[in-house]
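Enquirer: Take a look at the following structure, please.
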Amino acid sequence: MTIIQFPKDMKWGTATASYQIEGAAFEDGRGLSIWDTFSHTPGKVVNGDNGDVACDSYHRYEEDIQLMKELGISVYRFSVAWPRIFPNGKGEINPKGLEFYHKFVNALLENGIEPMCTLYHWDLPQALQDTGGWANRDTVKAFVEYAETMFKEFNGKIKKWITLNEPLCISYIANYVGAHAPGNKDLQLATDISHHLLVAHGRTVQKFRELGTKGEIGYAPNTTWFEPFSNRLEDVEACYREIDHQVRWFMDPVFIGEYPQNLVDWFKEKGVELPIEKGDMDSIQQPIDFLGINYYAGQIGRYKENTGLFDCEIVEMGYDRTDIGWPVYPDGFYNVLSYVTERYGNVPIYITENGACYNDEPVSGTVKDAKRIKYLQQHLTALSRVIESGVNIKGYFLWSMLDNFEWAEGFSKRFGIVHVDYNTLVRRKKDSYYWYKKVVNNNWFEY
Ligand code: BGC
């Protein structure tokens with residue numbers, strides 16, 4: 001048995017996102033988002049599921065907050081639905097939207113839970129998509145205006161802000177792979193969007209500083225780790241191209257002010273170029289207060305011509321897989337955290353998402369999700385190793401507080417430590433909830 005101990009000031013939390021839990025999709029003046037459109041398009045989401053009701057947290061947030069309070073977390077990461085604030089993406093504000101988030105944030109604070117707010121977790125107002133979405137620079141402008149509204153409205157109340165969640169998903173998964181809304185399949189478009197997202201992030205950070213907003217601001221990129229199958233140069237380079245895309249494409253411009261040249265060249269060979277305009281790189285390279293890391297899985301990769309975007313073939317190694325099919329690879333968590341610290345310095349890091357999909361259902365009132373507990377033990381152990389190594393970890397947000405709408409997988413995949421019955425909306429604490437509660441309260445666990 002080993003005791004895994006965490007630093008005294010470690011912050012423990014859980015995370016969710018608006019479209020995945022709120023429901024109330026057509027209430028109180030909320031405009032449509034690209035996820036309403038996408039999920040209502042036949043064939044896009046498993047079982048034709050949509051977020052119209054989801055966990056109904058819009059109406060049941062008090063119950064959810066009681067679950068958090070009992071869990072003992074000190075921070076909660078949620079996202080704001082942009083179309084609740086600006087139903088058309090810009091222009092007229094919907095006061096009911098602001099009212100909802102005030103009520104919600106007040107309730108968190110009254111219960112001793114600090115809010116961490118993500119401004120964009122994928123629910124772009126459909127009205128903005130209709131004029132080109134993130135491919136149109138006007139969307140960048142609209143985003144900064146929306147962010148400004150939020151900063152002014154919640155100044156002093158919300159002190160932890162995240163501009164964007166997983167820009168790689170917003171650009172390449174949604175616009176090159178086409179698996180997420182709006183579902184395009186165009187490499188140039190996805191690349192344009194990736195750049196515009198970074199500009200939006202940087203200008204939002206600038207606005208935050210200009211306004212003198214209290215608190216800290218960061219963002220939360222993806223970080224799937226790729227380990228080379230062998231140390232053959234071709235395998236190593238193929239894996240590094242994947243890592244360079246996951247990590248460096250979205251972090252180098254922010255921390256260093258330039259894109260990784262090897263990928264710029266790689267894309268150029270495919271006829272794809274970045275739409276950089278004068279001043280963009282300066283706008284992007286704004287000092288941030290923390291880096292959010294979302295980590296779920298790692299892969300073993302091997303060079304194979306004409307495979308994927310980067311000639312990297314995923315090799316099946318027989319690792320355990322979660323119920324969404326992702327290999328359990330805690331060493332990747334250790335590696336990515338070490339890698340970003342080595343590359344970008346000792347930046348404060350919040351683990352803004354980590355967790356596992358296991359679809360265990362209640363049996364006689366309890367949900368025995370032992371595999372999720374094991375996954376969490378493995379990943380928190382990796383986390384304690386990097387902390388010991390000096391990586392500047394400030395906190396950990398478990399994904400997710402509740403089972404919820406898992407994007408293109410609909411309700412077929414469960415990540416929660418609280419089970420949600422989608423017929424009755426009854427919440428039921430899983431074994432992992434009780435296990436995490438002990439970690440949160442003790443600040444250590446035995447493994
Ligand atoms: C996203 C979440 C999602 C989770 C599990 C992350 O990519 O930020 O919204 O539910 O992973 O897929």
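The values are calculated or read from the model by the stated rules, or taken from the named source; none is laboratory data. These numbers were taken from a predicted model, which means no experiment stands behind them. When we count neighbours, we look across all protein chains shown, and the Cβ atoms used for this are built from the backbone with ideal geometry, even at glycine. Ligands, DNA and RNA are excluded from the accessible area calculation, which covers all protein heavy atoms including side chains. Shrake-Rupley method; radii C 1.70, N 1.55, O 1.52, S 1.80 Å.
Enquirer: Pairs needed: first member in region 127-145, on the phi > 0 side of the Ramachandran plot; second member anywhere, part of a helix (DSSP H, G or I); C-beta distance under 8 Å; at least 6 residues apart or different chains.
Expert: G132/D138; G132/T139; G133/I34; G133/T139; G133/I193
Enquirer: Which of the residues belonging to region 1-32 are out of contact with any strand residue (DSSP E or B) (no Cβ under 6 Å at 6 or more places or on another chain), among the polar types (S, T, N, Q) and over 27 Å from T381 (Cβ atoms)?
Expert: Q20
Enquirer: Now for a different question. Output the residues belonging to region 273-293 that are among the β-branched types (V, I, T) and part of a loop (DSSP other than H, G, I, E, B).
Expert: Scanning region 273-293 gives I276, I288.
Enquirer: Something else: Out of all the residues in region 203-226, which are farther than 26 Å from I170 by Cβ and either touching a residue at least 40 places away in the same chain (Cβ under 8 Å) or touching a strand residue (DSSP E or B) at 6+ places or on another chain (Cβ under 7 Å) (or both)?
Expert: K214
Enquirer: Show me the strands (runs of 3 or more DSSP E) found entirely inside region 375-432 where at least 2 residues are open to solvent by less than 30 Å² (accessible area, probe 1.4 Å).
Expert: 393-399, 418-420
Enquirer: Of the conditions (1) surrounded by 22 or more Cβ atoms within 10 Å (Cβ to Cβ); (2) in contact with a Lys or Arg (Cβ under 9 Å, 6 or more places away or on another chain); (3) of a type in the set (D, E, K, R), D192 satisfies every one except a single condition; which number is it?
Expert: (2)
Enquirer: Let me ask another. Could you tell me which numbered condition F310 fails, if it satisfies all but one of (1) within 27 Å of K185 (Cα to Cα); (2) out of contact with any strand residue (DSSP E or B) (no Cβ under 7 Å at 6 or more places or on another chain); (3) in contact (Cβ under 8 Å) with a residue 24 or more places away in the chain; (4) outside any loop (DSSP other than H, G, I, E, B)?
Expert: F310 satisfies every listed condition except (4).
Enquirer: Name the residues in region 404-434 that are under 16 Å from A370 (Cα atoms) and within 12 Å of the ligand (Cβ to nearest atom), would you?
Expert: Once the filter is applied, which keeps residues that are under 16 Å from A370 (Cα atoms) and within 12 Å of the ligand (Cβ to nearest atom), region 404-434 yields R414, F415, G416.
Enquirer: Further question on the same structure: Pick from region 296-311 the residues that are out of contact with any Pro (no Cβ under 9 Å at 6 or more places or on another chain) and within 17 Å of V247 (Cβ to Cβ): which of them is nearest to the ligand (Cβ to nearest atom)?
Expert: Across region 296-311, the extreme among qualifying residues is Y296.
Enquirer: A further question follows. Out of everything in region 391-403 that is away from the ligand (no atom under 14 Å from the Cβ) and of a type outside the set (V, I, T), what residue ends up being farthest from the chain's Cα centre (by Cα)?
Expert: N392
Enquirer: Take the conditions surrounded by 15 or more Cβ atoms within 10 Å (Cβ to Cβ), touching a helix residue (DSSP H, G or I) at 6+ places or on another chain (Cβ under 6 Å) and either among the hydroxyl-bearing types (S, T, Y) or within 18 Å of I73 (Cβ to Cβ) (or both) and apply them to I351. Does it pass?
Expert: Against the criterion (surrounded by 15 or more Cβ atoms within 10 Å (Cβ to Cβ), touching a helix residue (DSSP H, G or I) at 6+ places or on another chain (Cβ under 6 Å) and either among the hydroxyl-bearing types (S, T, Y) or within 18 Å of I73 (Cβ to Cβ) (or both)), I351 does not qualify.
Enquirer: Would you kindly identify the helices (runs of 4 or more DSSP H) lying entirely within region 1-87 that contain at least 1 residues that are surrounded by fewer than 24 Cβ atoms within 10 Å (Cβ to Cβ), away from the ligand (no atom under 16 Å from the Cβ) and touching a residue at least 60 places away in the same chain (Cβ under 8 Å)?
Expert: 34-39, 57-71
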